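S.K.: Starting off with a structure, shown below.
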Amino acid sequence: MEWFLSLIGAAALLLMYMYFKARGNYIDKHEIYHHASKRLNIFFISDVHNRVINEKMLRRVEDNVDVVIVGGDLVDKRVPLHRLITNVKRLKRWGAPVYFIPGNNDHELTEARIVDVLKNESVHVLSNQDVKLSFDDRLPCTLSGVDPYYLTSRRHASYIHDTKDFHLLVVHDPYVFQKMNKEDRDRFSLVLTGHTHGGQIRLFGFGPYTRGGWFTKEDYTLLISEGYGTSAVPLRLSTRAECHMIYLLPEREDRY
């Protein structure tokens, strides 16, 4: 009987730990050096799902944020409209433009059409589109958003062929990027993805997906974020709830 109670107690402690991990607020910071005269600071978050974005976490971002990018799954079927609006307003705290690239769950918002809500909050929705980001004399940057879920009317991205630009691609599912042909992949300098949650719950190092992280290839850098929220059960094990500050820096500048 004692061993059974010990087992129950251990299981309860593990579940508490997994719940605590799922409520984490880790800010991953990463520097990328490129030909530029000034830095560009990007805040990236994906897979918020049913969470409320923590204001204390956002206040820990002490750097100026030039652009906010949401990499999909800002909502799912559990999310009430007021929570979506709260999260969007919190992401606007820096006064920076906010760009949203759809994920596979974003169509599940039941109280309104998410695209209409975001546009009403002055969020730019990129559904198979490109946009030139202009920040005075800073790094010229082209942001491309790939939306295989066609949350808005299907459009073909132009993938602007300007070699002077820093090309940034955001697509919710890294598998979509990996299935592109090499010529298309090599057009981008930086690729931001999410979707996998790093497997969310990993037992003895194994999970349904590989761990997220930064991957440097010959022609581009790829981020697979483990996401901020969770799908289905609000638990994590051997993964982390995260968002990202990405610094595009002149090649000789040292942030610290």
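The values are calculated or read from the model by the stated rules, or taken from the named source; none is laboratory data. Remember, predicted model here, so these are calculated numbers, not experimental data. Heads up, the Cβs are rebuilt from the backbone with ideal geometry, glycines too, and the neighbour counts pull from every protein chain shown.
S.K.: Determine whether ASP76 is within 13 Å of GLY103 (Cβ to Cβ), at pLDDT 95 or above, surrounded by fewer than 22 Cβ atoms within 10 Å (Cβ to Cβ) and of a type in the set (Asp, Glu).
M.R.: yes
S.K.: Quick check, is SER144 hydroxyl-bearing (Ser, Thr, Tyr), at pLDDT 90 or above and in contact with a Ser or Thr (Cβ under 9 Å, 6 or more places away or on another chain)?
M.R.: Considered against the rule, which asks whether it is hydroxyl-bearing (Ser, Thr, Tyr), at pLDDT 90 or above and in contact with a Ser or Thr (Cβ under 9 Å, 6 or more places away or on another chain), SER144 comes out as yes.
S.K.: Further question: Do the conditions hold for ASP28, that is, is it among the acidic types (Asp, Glu), within 24 Å of ASP219 (Cβ to Cβ) and at pLDDT 95 or above?
M.R.: In short, yes.
S.K.: While we're here: Any idea which of (1) closer than 30 Å to GLU251 by Cβ; (2) modelled with pLDDT of 95 or more is the one HIS161 doesn't satisfy?
M.R.: Unmet condition: (2).
S.K.: Please go through region 19-44 and give me each residue that is surrounded by 14 or more Cβ atoms within 10 Å (Cβ to Cβ) and of a type in the set (S, T, N, Q), ordered by number.
M.R.: ASN25, ASN41 - these are the residues of region 19-44 that are surrounded by 14 or more Cβ atoms within 10 Å (Cβ to Cβ) and of a type in the set (S, T, N, Q).
S.K.: What pairs come up if the first residue lies in region 1-20 and is in contact (Cβ under 8 Å) with a residue 40 or more places away in the chain and under 22 Å from ARG236 (Cα atoms), the second is in a helix (DSSP H, G or I) and β-branched (Val, Ile, Thr), and their beta carbons are under 8 Å apart, counting only those six or more places apart or on different chains?
M.R.: That search, which allows pairs on different chains as well, returns nothing.
S.K.: If the Cβ limit is 6 Å and pairs must be 6+ apart or interchain, which residue in region 183-210 that is in contact (Cβ under 8 Å) with a residue 60 or more places away in the chain and under 20 Å from VAL68 (Cα atoms) pairs with which residue that is hydrophobic (A, V, I, L, M, F, W, C) and crowded, with 17+ Cβ neighbours inside 10 Å?
M.R.: Listed pairs, sorted by first residue: SER189/PHE166; LEU190/LEU168; LEU192/PHE44; LEU192/VAL170; LEU192/LEU223; THR193/VAL171; THR193/ILE224.
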